[in-house]
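The values are calculated or read from the model by the stated rules, or taken from the named source; none is laboratory data. Since the structure is predicted, the reported quantities are computational estimates derived from the model, not experimental observations. Here the Cβ positions follow ideal geometry from the backbone for every residue, glycine too, while neighbour counts run over all protein chains shown.
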Amino acid sequence: MNAQQLLLLDRVEFSTIKVEAHVGPEFEFDTTFHQLDFDFSKVSFLTRSELAYPPEEAADPRHFALTYAVKVDAKDHPDDTIPYSLEVEAVAFFRYVGTDEQHEGAERFRAVRFSGYQILHGAIREMVCNLTARARHGILQLPARNFNGVAKLRADEDEQERQAALAKAQQTKAKLPRRKRPAASEAKLIK
């Protein structure tokens, strides 16, 4: 199995899709449908993500759900300076099928996050293009992003959280009182 097949994508789901067209002097009605050339530095362009895996897999996570959301907000800007307000959230479900030696600890989380960010950002860009293609101001193409830095940073945080969860589970396991086995004469027959 080559390195590209270590992480399998099971599916992508959209949990939130909101697009609102704004009307103002800067965005007058036009009979032509064009792709907007919009400067995203004028707006609040926010992203967030969350990576989850089953708690019982903490020692060796193999199933992941990565949530990634994009929000272009007009709260700090008058409606006439932004063509659309939008909020889109998507979730990708992955399975890691590599061996432990290939990606361990933070490296596994980095692989999931880096691949997931690219897949989800692309899916969100496509969804926004599809929705805005028939909207008042024309197609809005979200900017491309480089996810190297954020994937590395967040993967290190994921690994720290995983190690803390493992340590807590070990402490809890060590504190549990051992149950005394009943003697054969005390054992009840259950039918």
Which of the residues spanning region 113-126 are surrounded by fewer than 19 Cβ atoms within 10 Å (Cβ to Cβ) and either within 15 Å of LEU7 (Cα to Cα) or in contact (Cβ under 8 Å) with a residue 40 or more places away in the chain (or both)?
-> PHE114, GLN118, ILE119, ALA123
Any idea which of (1) in contact with a strand residue (DSSP E or B) (Cβ under 9 Å, 6 or more places away or on another chain); (2) at pLDDT 95 or above is the one HIS137 doesn't satisfy?
-> (2)
Does LEU66 meet the test of being under 18 Å from GLN141 (Cβ atoms) and either among the charged types (D, E, K, R) or modelled with pLDDT of 90 or more (or both)?
-> no
Among the residues of region 142-159, how many are surrounded by 15 or more Cβ atoms within 10 Å (Cβ to Cβ), over 15 Å from the mean Cα position of the chain (by Cα) and farther than 13 Å from GLU107 by Cα?
-> 1
In region 1-29, the residues that are touching a helix residue (DSSP H, G or I) at 6+ places or on another chain (Cβ under 6 Å) and modelled with pLDDT of 85 or more = LEU7, VAL12, VAL19
Quick check, is SER85 in contact with a His (Cβ under 9 Å, 6 or more places away or on another chain) and of a type in the set (S, T, N, Q)?
-> yes
Kindly indicate which of ARG110, ARG95 is within 17 Å of the chain's Cα centre (by Cα), surrounded by fewer than 17 Cβ atoms within 10 Å (Cβ to Cβ) and either under 26 Å from GLU161 (Cβ atoms) or at pLDDT 90 or above (or both).
-> ARG95
Restricted to region 30-55, and to residues that are surrounded by 13 or more Cβ atoms within 10 Å (Cβ to Cβ) and among the β-branched types (Val, Ile, Thr), which residue is modelled with the lowest pLDDT?
-> VAL43
